[in-house]
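Here the structure is laid out as structure tokens; the discussion comes afterwards.
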Amino acid sequence: MISGTGRTLKNLLEHIASETLAAEIRMVIASTPHAKGLQYAEQASIPIQIVERQDFESREDFSRSIFHCCDEADIDYVILAGYIKLLEIPDNYKNRVLNIHPSLIPAFSGQGYYGDHVHEAVLRYGAKITGCTVHFVDNEYDRGPVILQRAIDVREDDDVTSLNDRVFELERLVYPEALQLLADGKIKVDGRIVQISK
Ligand code: GRF
């Protein structure tokens, strides 16, 4: 599921093509027809659905429509890839929806923390490390169980652009790694705690 430029989708498609991720992307759902990332779905001939929040009265109805599409496509997991809308996760999708966030959750996360806002906040706070977090998604922004985290140092000469780029370089490796662990059945969830078998 995408909302923006689609770097994450492009990266996952590249990993699938080079066989470093054993997965199939059955469908791309976008929150807007203007999502630039849709070009990658088109290039790869992946079916596209546009589901816009404004077409629904409530978040529940909006989410129902999205997960109905997922049911129809008979998918195993829903991968948020730069998707910015809050969803209501149905019970049968618990621990089947994943996201990657560009900070070390719970720092610099939650409502309003997306894209460059995250990196701006890290720099303004003066944090010395940052990174990215792959997590399961629940009904709050950036709150579900943490699957993987990776950190980098914040450099004195970093600005928002350099931090965004450097964190995204981590994301390129960490998201496919987490998805491959799932595909290999190596991830067990007990409440908030995610255990990864070797
Ligand atoms: C990254 O900040 C990622 O952590 C977050 O969305 C951004 C990537 O969006 N989930 P995109 O793939 O470039 O659209």
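Summary table
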quantity: Cross-link pairs Lys36/Lys85; Lys10/Lys36; Lys85/Lys186 - those with Cα-Cα distance over 18 Å; calculated: Lys85/Lys186
quantity: Coil-residue GluC sites (Glu not before Pro) of the range 102-198, DSSP, other Cβ within 10 Å capped at 13; calculated: Glu140, Glu156
quantity: Computed [θ] at 222 nm, deg cm²/dmol, the chain (DSSP H ≥ 4; -39,500 (n - 2.57); rounded to nearest 500); calculated: -10500 deg cm²/dmol
quantity: When the convex hull of its Cα atoms is projected in every direction, mean area for the chain (nm²); calculated: 11.2
quantity: Cut-off under 5 Å, modelled amide H: who pairs with Ile152 long-range; calculated: Thr130, Gly131
quantity: Per residue value of the accessible surface for the chain (all protein chains in place, 1.4 Å probe), Å²; calculated: 55
quantity: Residue-by-residue Karplus 3J(HN,Hα) for the range 65-70, coefficients 6.51, -1.76, 1.60, Hz, glycine and proline x; calculated: 5, 5, 6, 5, 4, 5
quantity: Euclidean distance of C-alpha centroids, the range 1-77 and the range 110-134, integer Å; calculated: 25
quantity: Size descriptor, Kirkwood hydrodynamic radius, that averages inverse alpha-carbon separations across the range 31-95, Å; calculated: 12.9
quantity: Placed amide H near Arg143: partners under 5 Å, 5+ positions off or other chain; calculated: Asp138
quantity: Accessible carbon and sulfur surface of the range 44-198 relative to its total accessible area, %, 1.4 Å; calculated: 46
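The values are calculated or read from the model by the stated rules, or taken from the named source; none is laboratory data. Source: prediction; values computed, not measured. Methodologically, a virtual Cβ is constructed for each residue, glycine included, from the backbone with ideal geometry; neighbour enumeration extends over all protein chains shown. The accessibility values were calculated without ligands, DNA or RNA, using every heavy atom of the protein model including side chains. Shrake-Rupley method; radii C 1.70, N 1.55, O 1.52, S 1.80 Å.
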